[in-house]
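Note sheet for the following structure.
None of the figures in this text is laboratory data; all of them are computed from the coordinates on show. This is a predicted model, so every value here is computed, not measured. Positions of Cβ are generated from backbone atoms using ideal geometry, with glycine treated the same way; all protein chains shown enter the neighbour counts.
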């Protein structure tokens, strides 16, 4: 066993058993002397353990170096070149979004490319006719039918909505 809990010292019963004692003590109790067999064992095992740890350390260096190279080589390319999927823009106005073929997600209040539009979730949201928007915060009376129609069509940049509608938006976005 590499690590044992054996004592390195051997117990002697009296001082007389020690040749050439250097103690001038009157205490004739137990005295401990190193066990030479245990010391020999330790002197043999210590270099072997050091050699083993050195080999393990040296063997791990190439692996760590290749991980470092892999990490730095991935960062060498700009993000735009690492993403193979083209990103479709919908422009900066409702007219431009329509011209680019984008669809308005009423539940997200945003124009999205056709491949990103979820018909099932859109239909679920659109089936609720009681959604409302207002022109100013904390004032649900600041609205009318024309403003609501413009919101549903995606012609309004900013609108305010009640808390329950915001929570419904969060719920449907989590489904997406």
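Brief remarks follow.
- In this label model, residue 135 and residue 176 are separated by 2.8 nm, measuring between points 7 Å along each Cα→Cβ vector.
- The range 94-174 shape via C-alpha gyration tensor axes, a/c threshold 1.5: oblate
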